[in-house]
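Here the structure is laid out as structure tokens; the discussion comes afterwards.
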Amino acid sequence: MWKKEKNLRYFKKISKSLNICGIFINVIGKGKIMVKKIAVLTSGGDAPGMNACVRAVIRACIAHGIEPYVVYDGYKGLCENNIKKVDKKFTQDIINRGGTIILTSRLPEFANVEYQKRAIQNLKDNDIDALIGIGGDGTYKGLLALSKLGYPVIGIPGTIDNDVASTDKTIGFDTALNTICDCVDKIKDTSSSHQRCSIIEVMGRHCGDLAIFAGIAEAAELTITYDHQLNEQVIFDKLKTMHDKEKSHAIVIVSENLMDVNEFAKRVSEHTGFEAKAEILGRLQRGGTPSAEDRILASRFGAAAVELLANDISGRVVGMKKNTIVDLPIEQALNMERDIHKPLIHLIDLLA
Ligand code: F6P
């Protein structure tokens, strides 16, 4: 099911040998095709590294002799025909920029087939042969709809949440994790000075990866996520024991959408001996300069996505499994179960 980089290189070799008089002829799949123009968009929550990925897509297109286009403002811009041709110059100094310079949006209406048809019409009116979408599961759903209507697409996982099952890592996760660690380090300074319990809510939508990884990296006293939920009385008992016998202060990391952390902090103050304060890190987790790891991941994904389309392969998403770039059908990716990081959850308990 997985197609690895090795296979792509093989396809490329065959394709190259059939490149006659500058016309790209591909006999794999449906037959003769010529991908001349590719557009890229970012959609859903922005993530550090999205610009690095846009850069990689544009530059890989140029390397393959394909004209690159960007769609501004995600699916909204696609429906409004906010599409522009770009060149290498567009990619200058963007690899290190946070956010997404081609803008993003959330457009629930894109589930409506009329919007999807309008999007395809706009792409066709611009003579664009294929679309690459960078985002999370919501973005993949939009791409799947376009693919089902016969339009060639490729998805790239970009979200700080790391909640895309078809890849070990999404673009933006590593940077967001480091941002969280930076914030928790700072909160620790004041928390220890005041001998408080700091309850820190991190993002992830319904995925606990940011909390689990941050919990380990920050040696949090407690980490509470979807995959590691604790009964409130158990939490109080543990914190009370810490307060009375072991610790002068405590850090508790909590995934968003699990509880009201402000209310929870009040109850911790009432039941544990600690004065507790809640901190919601919020959208600052999405900002900042992308880490080297995210820039490299984004570059690999962008290049792989273009290579698939150049080889007449579409309707798929790229991902990374065991440090190898892989791809699989969008529908399969959307139906996959996310890995629960059991060894990491075990580590949280072991080192607590
Ligand atoms: O998907 C990224 C994310 O930051 C989630 O962690 C969070 O739940 C959501 O987006 C918030 O989205 P918005 O900024 O649109 O409210």
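General observations
- For residue 61, net neighbour charge (Lys/Arg +1, Asp/Glu -1) across residues whose Cβ lies under 9 Å away: +1
- Kirkwood hydrodynamic radius of the stretch 32-170, from inverse mean 1/r over distinct Cα pairs, in Å: 14.8
- Cross-link reach is defined here as a Cα-Cα straight distance under 17 Å, omitting same-chain residues fewer than 8 places apart; for residue 117 the aspartates and glutamates meeting it are 80, 109, 125, 127, 129.
- Taking only Cα atoms of the stretch 180-263, radius of gyration then Dmax in Å: 12.2, 35
- Among residues other than residue 254 with Cβ under 11 Å from its Cβ, the summed charge is -4 (Lys and Arg +1, Asp and Glu -1).
- Derived value for the stretch 122-198: Kirkwood hydrodynamic radius 15.3 Å. Basis is the mean of 1/r over every pair of different alpha-carbon atoms.
- In Å, descending, principal axis extents of the Cα set of the stretch 37-86: 28, 25, 11
- Gained length - residue 296 relative to residue 149, 0.36 nm times residue gap less alpha-carbon distance: 49.7 nm
- Under the criterion of Cα pairs below 8 Å and six or more residues apart, the relative contact order for the stretch 222-352 equals 19 percent.
- Mean Cβ count within 10 Å, highest first, over the residues of peptides 157-168, 283-294: 157-168, 283-294
- The P(r) of the chain has a tail past 32 Å containing 36 percent of all C-alpha pairs.
- In the stretch 294-352, the portion of solvent-accessible area held by carbon and sulfur atoms comes to 55 percent [1.4 Å probe, whole percent, DNA, RNA and ligands not counted].
- Computed over the stretch 230-333, Kirkwood Rh from alpha-carbon pairs, angstrom: 18.0
- Per residue, the stretch 236-352 exposes an accessible area of 49 Å² to a 1.4 Å probe, with every protein chain left in place.
- Helix-only [θ]222 nm of the chain, DSSP H runs n ≥ 4, -39500 (n - 2.57) each, per residue, nearest 500: -13000 deg cm²/dmol
- Förster radius 41 Å - calculated FRET efficiency between residue 109 and residue 263, Cβ distance, rounded to 0.05: 0.75
- Subset of 245/266; 240/342; 247/277; 76/169 violating a 18 Å alpha-carbon distance limit: 245/266; 240/342; 76/169
- Two-site FRET efficiency, residue 194 against residue 346, from Cβ-Cβ distance with R₀ of 35 Å, rounded to 0.05: 0.65
- Working from Cα pairs under 8 Å separated by at least six residues, relative contact order for the stretch 271-333 is 20 percent.
- Over the chain, Cα pairs under 8 Å with separation of 6+ residues give a relative contact order of 23 percent.
- Summary of packing: across the peptides 179-186, 76-83, the per-residue average of other C-beta atoms within 10 Å ranks them, highest first, as 76-83, 179-186.
- Percent breakdown of C-alpha pair distances by 10 Å bin, ordered from the shortest bin, for the stretch 242-289: 22, 46, 24, 8, 0
- Charge tally for residue 156 (other residues, Cβ to Cβ under 11 Å; Lys, Arg +1; Asp, Glu -1): +1.
The values are calculated or read from the model by the stated rules, or taken from the named source; none is laboratory data. Source: prediction; values computed, not measured. Don't worry about glycine lacking a Cβ; one is built from the backbone with ideal geometry, like all the others, and counts go over all protein chains shown. Keep in mind that these areas ignore ligands, DNA and RNA; they rest on the heavy atoms of the full protein, side chains included. Shrake-Rupley method; radii C 1.70, N 1.55, O 1.52, S 1.80 Å.
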